[in-house]
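Since the structure comes first, as structure tokens, the remarks are kept for the end.
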Amino acid sequence: MSNEECFSFSVPSQPQGKRISAQEAERLLLERLKSRESDFLDALWDLAYFYSKAGRQEQSQTYLERYIASTDDPEKRAGCFLAFGQSMEQMRDYESAMFFYSRAFVLEPENTGTWYLIHNNLGFCLNHFGRHSEAERYCRSAIKIDPSRHNAYKNLGVSLASQGDYAHAAENLIIATKANAADGRALKLLEQLLVEHPEVRAEMPDIEQRIQACRAAVKAVVEIRQQIQKANSPEDRK
């Protein structure tokens, strides 16, 4: 390990333009769907996304079904099945989520982001059902597809810890935090792992130093987010 840990993170950019209510956004999206000038598939996709973010999963799924019925493009269908699986996850229906991820998987999409998430999300769901060795394979495949993303390292850490490989689990949770310090879940899992299995310290003598670096990075991102929110609050713009 180098003397200095390097961390990455991403903070969502602030939307531009005039703020509108959710009701107004829904109205505009529905009008766009009816407009002959707009791309029908894009309009369906945007409505499905809107309803998903609004927590209205059944309506989101209605538009995803219309999207799938409206295209024969395997790449687009794979992305839609992925979205279906993510919607099922939000509803805590992990069995259905796996069904849709598996349908996306057999289409073998070329889009790296889609292919990565299919593997990663299957790994996540398999961990949920205690099928950790299977989950490990999917997580490792996701990492090969895109080693820069953090999700699969986190899920691989969960899989390895459940199989008793605590030191390698800790290493992957550290890598996950380094890959995206904006997501503090891997750090929480790492801290829990050390509480439950303090023997990891004997295998990783520098673990305390590395955890402190992870904590500092996650804290720094939280502070940056708070500064951005404050700078963009209506009162501060007066």
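Derivation of every value follows stated rules applied to the coordinates shown; laboratory data play no part. Only a predicted model underlies this, so the values are computations on that prediction, with no experimental measurement involved. Every residue, glycine among them, receives a Cβ derived from its backbone with ideal geometry; neighbour counts consider all protein chains shown.
Quote the relative contact order of segment 26-110 in percent (integer), defining contacts as alpha-carbon pairs under 8 Å separated by 6+ residues.
Relative contact order here is 21 percent.
Quote the relative contact order of segment 147-238 in percent (integer), defining contacts as alpha-carbon pairs under 8 Å separated by 6+ residues.
Result for segment 147-238 is 24 percent.
For every helix of n ≥ 4 consecutive DSSP H residues, a contribution of -39,500 (n - 2.57) applies; sum these over the chain, divide by its total residues, and give [θ] at 222 nm rounded to the nearest 500 deg cm²/dmol.
Helix-only estimate at 222 nm: -22500 deg cm²/dmol.
Just name one of G130, N155, M204: the one whose Cα is farthest towards the positive end of the charge dipole of the chain (beta-carbon charges, Lys/Arg +1, Asp/Glu -1).
Of G130, N155, M204, it is N155.
Packing-wise, with mean Cβ within 10 Å as the measure, how do 98-111, 19-32 rank, highest first?
Ranking the peptides 98-111, 19-32 by packing returns 98-111, 19-32.
Could you give the distance between the Cα centres of segment 95-126 and segment 206-226, to the whole Å?
With segment 95-126 and segment 206-226 each reduced to a Cα centre, they are spaced 31 Å.
Which whole-number percentage describes the relative contact order of segment 66-217, with Cα contacts under 8 Å and a sequence gap of 6 or more?
Computed over segment 66-217, the figure is 14 percent.
Go from 0 up to the bin containing the longest alpha carbon distance in the chain, width 10 Å each, and give me the % of pairs per bin.
Result, from short to long distances: 7, 25, 29, 24, 11, 2, 0 percent.
Could you state the orientation-averaged shadow area of the convex hull built on the Cα atoms of segment 127-225, in nm² to one decimal?
Here the figure is 6.2 nm², rounded to one decimal.
Taking the Cα centre of the chain as the origin, how large is its charge dipole in debye, to the nearest 20, when only Lys and Arg (+1) and Asp and Glu (-1) carry charge on their Cβ atoms?
I would put it at about 700 debye.
Fewest Cβ neighbours within 10 Å first, please rank K34, K219 accordingly.
K34, K219
Give me T62, T177, T112 ranked fewest to most by other Cβ atoms within 10 Å of their Cβ, as a rough exposure proxy.
The fewest-first ordering by Cβ neighbours comes to T112, T62, T177.
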